[in-house]
1. Could you look through the range 35-74, keep only residues that are in a strand (DSSP E or B) and more than 16 Å from the ligand (Cβ to nearest atom), and pick out the one that is surrounded by the fewest Cβ atoms within 10 Å (Cβ to Cβ)?
2. Test each condition in (1) under 24 Å from HIS57 (Cβ atoms); (2) buried (at least 19 other Cβ atoms within 10 Å of the Cβ); (3) out of contact with any strand residue (DSSP E or B) (no Cβ under 6 Å at 6 or more places or on another chain) for ALA104 and report the one that comes out false.
3. Do you know which residues across the range 135-163 are open to solvent by 20 Å² or more (accessible area, probe 1.4 Å) and of a type in the set (Ser, Thr, Tyr)?
4. Take the residues in the range 1-25 that are among the acidic types (Asp, Glu) and touching a Gly at 6+ places or on another chain (Cβ under 8 Å); name whichever of them is farthest from GLU157 (Cα to Cα).
5. For the range 8-34, give me each residue that is more than 16 Å from the ligand (Cβ to nearest atom) and acidic (Asp, Glu).
6. Test GLU132 against the criterion of being open to solvent by 20 Å² or more (accessible area, probe 1.4 Å), in contact with a helix residue (DSSP H, G or I) (Cβ under 9 Å, 6 or more places away or on another chain) and free of Cβ contacts under 8 Å to residues at least 60 places away in the same chain, and give yes or no.
7. For the range 2-29, give me the residue count where each residue is assigned to a loop (DSSP other than H, G, I, E, B) and open to solvent by less than 50 Å² (accessible area, probe 1.4 Å).
Amino acid sequence: MKPLVYIAHPRLDRSEISGPLFDVAGQTEGVTCVDLYGEYPTFEIDVAREQRRLVDHDAIVFLHPIYWYSAPAIVREWQDLVLEHGFAYGKHGHALDGKVTLNAVSCGALESSYRPEGGNGAYLRDLLAPFEKTADLCGMRYLAPFAIYGAGRAVEEARRGDHVAAWRGLLTALRDDRLDIPAARAARTLNDIAASHAAAPETA
Ligand SMILES: Cc1cc2nc3c(=O)[nH]c(=O)nc-3n(C[C@H](O)[C@H](O)[C@H](O)COP(=O)(O)O)c2cc1C
């Protein structure tokens, strides 16, 4: 598959998680990377260009921090403009049929908070339902989210390296058609699946 990674972070220069993950995507052969805030700082999205990008790729990844249980605003603007009737949905809108899509997100809250009994009262995947339903409507195959919880403490807890390795494993598995798509669609998160594709640590 040809993966396309969109990053949506309004302050990429200050990002401890999304930024490094975007850098890794950029270093991964065969992966196309687009910085939405970088390209469209005034939200004037080039719809034709974005639609061409979608047509040219088969795995569409939105990499972003969770803001207010959702994505930063430019992702919503992108959806409103790019996913046009007759292109993405509707009787003659089949450009996205069968493509794979997922959210790769960093969350301030802990994993224990993203549970029905936790502070957020629901699993992350369930809170991201608008993305899943949008993908369904557009004939795309929505995968479970890849999630980094407790993002603000990942560096001091020395977890970022493992997250990066899992992310790289996920991207290369997608690219090389090694990802078990039915399992990735059925899972609550992609975290374990991604970790299973992470390269073993190098030994001296
Ligand atoms: C405007 C705003 C809204 C946020 N909303 C949430 C939220 O709903 N849930 C959550 O877990 N974290 C929330 N956060 C925390 C961010 O998700 C967290 O800072 C980010 O994932 C850290 O990743 P980064 O280093 O790549 O920016 C919010 C942060 C901001 C600035």
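The values are calculated or read from the model by the stated rules, or taken from the named source; none is laboratory data. Please read these numbers as outputs of a predicted model, since none were measured by experiment. Glycine also receives a Cβ, built like all others from the backbone with ideal geometry; neighbour counts cover every protein chain displayed. Calculation scope for accessible area: heavy atoms of the full protein, side chains included, ligands and nucleic acids excluded. Shrake-Rupley method; radii C 1.70, N 1.55, O 1.52, S 1.80 Å.
1. For the range 35-74, the residue satisfying everything is ILE60.
2. Evaluating ALA104 over (1) under 24 Å from HIS57 (Cβ atoms); (2) buried (at least 19 other Cβ atoms within 10 Å of the Cβ); (3) out of contact with any strand residue (DSSP E or B) (no Cβ under 6 Å at 6 or more places or on another chain) leaves (3) as the failure.
3. TYR149
4. By that ranking, first place goes to ASP13.
5. GLU29
6. Spelling it out, GLU132 is indeed open to solvent by 20 Å² or more (accessible area, probe 1.4 Å), in contact with a helix residue (DSSP H, G or I) (Cβ under 9 Å, 6 or more places away or on another chain) and free of Cβ contacts under 8 Å to residues at least 60 places away in the same chain.
7. Residues that pass the stated criteria total 5.
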